[in-house]
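Here the structure is laid out as structure tokens; the discussion comes afterwards.
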Amino acid sequence: GEIPAQSGPVYSPEALDALGNNNAGASGTGNFTQSETSILAFGNTVILGFNDAGSNAGGANKFTGWSYSFDGGATFTDGGTLPTNAGGDAGDPVLARNETTGRIYYSTLGFSISTIQVFRSDDNGVTWSAPVNGTPGGSSEDKQWMAVDNFPGPGNGNVYLISRRFGSGPGIYMFRSTDHGNTFGPNLGVQIVSGQ
């Protein structure tokens, strides 16, 4: 059906333009940038994920940043860099949230490995745990996307990750976590589209 026409004035909130990242580190070179954003919003919380060239200053194997807001996006706090780990983080961020537990998932490309790293936060994106491999057995993974099953039923809380594999056995693969993002499987993933 159609929604019936409403009479009376329509009110729109004043437009808001807020800086979502700290560009202070971007002064080191003209090539520093923040790009390829992901946004997660719930209640008054807004979390931004982005490629962050400033995070890799000094060759730290980091290329992913994030910011968070607890006032509906009026102001943001730059989160800095994700936890240091052997695989690093190379951007292409994706954010997802379990609405039951509140756990937030943040996936990025691995910097020195060809997998997708999945970081987890239990404090609304202020801090993140060390990552787990979201694409076990994968090779040259890229262009991931992630979602949490937030519907009632046996799959509630499952985390689903899709990635594009350019390495051995090219195609699009799906991985799943049934333990709140602590592990992902199956090894090598489930191929849902084959070929380049």
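For the stretch 91-102, how many residues meet the condition of being at negative phi and either surrounded by fewer than 20 Cβ atoms within 10 Å (Cβ to Cβ) or among the polar types (S, T, N, Q) (or both)? Show your work before the answer.
Initial filter on the stretch 91-102 (at negative phi): 93-101.
Right, trim to either surrounded by fewer than 20 Cβ atoms within 10 Å (Cβ to Cβ) or among the polar types (S, T, N, Q) (or both) and you get 98-101.
So the count comes out to 4.
How many of the residues in the stretch 35-50 are surrounded by 20 or more Cβ atoms within 10 Å (Cβ to Cβ) and either farther than 18 Å from residue 98 by Cα or modelled with pLDDT under 80 (or both)?
1
Here is a list: 55, 121. Which entry is in contact with a Gly (Cβ under 6 Å, 6 or more places away or on another chain), more than 20 Å from residue 164 (Cβ to Cβ) and among the small types (Gly, Ala, Ser)? Break it down stepwise before answering.
On the way: 121 fails: in contact with a Gly (Cβ under 6 Å, 6 or more places away or on another chain).
Every option except 55 fails the conditions.
So that you can scan it fast, the table gives a plain yes or no per residue for (1) under 23 Å from residue 51 (Cβ atoms); (2) not in a loop (DSSP other than H, G, I, E, B):
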residue: 106; (1), (2): yes, yes
residue: 117; (1), (2): yes, yes
residue: 128; (1), (2): yes, no
residue: 135; (1), (2): yes, no
residue: 174; (1), (2): no, yes
residue: 189; (1), (2): no, yes
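In the list 153, 157, 181, which residue meets the criterion of being in contact with a His (Cβ under 9 Å, 6 or more places away or on another chain) and not in a strand (DSSP E or B)? Even if it seems obvious, please write down each step before you answer.
Numbers: 153 fails: in contact with a His (Cβ under 9 Å, 6 or more places away or on another chain); 181 fails: in contact with a His (Cβ under 9 Å, 6 or more places away or on another chain).
None of the other options fit; the residue is 157.
Please find, within the stretch 69-87, the residue that is nearest to residue 116 (Cα to Cα) out of those that are part of a loop (DSSP other than H, G, I, E, B) and touching a helix residue (DSSP H, G or I) at 6+ places or on another chain (Cβ under 9 Å). Spell out how you get there, then give the answer.
Applying the first criterion (part of a loop (DSSP other than H, G, I, E, B)) to the stretch 69-87 yields 70-76, 79-87.
This time we only want the ones that are touching a helix residue (DSSP H, G or I) at 6+ places or on another chain (Cβ under 9 Å), so: 80-82.
Values: 80: 20, 81: 17, 82: 14 Å.
Ranking the qualifying residues of the stretch 69-87, first place goes to 82.
The values are calculated or read from the model by the stated rules, or taken from the named source; none is laboratory data. From a predicted model like this one, the values you see are computed outputs, not experimental measurements. Don't worry about glycine lacking a Cβ; one is built from the backbone with ideal geometry, like all the others, and counts go over all protein chains shown.
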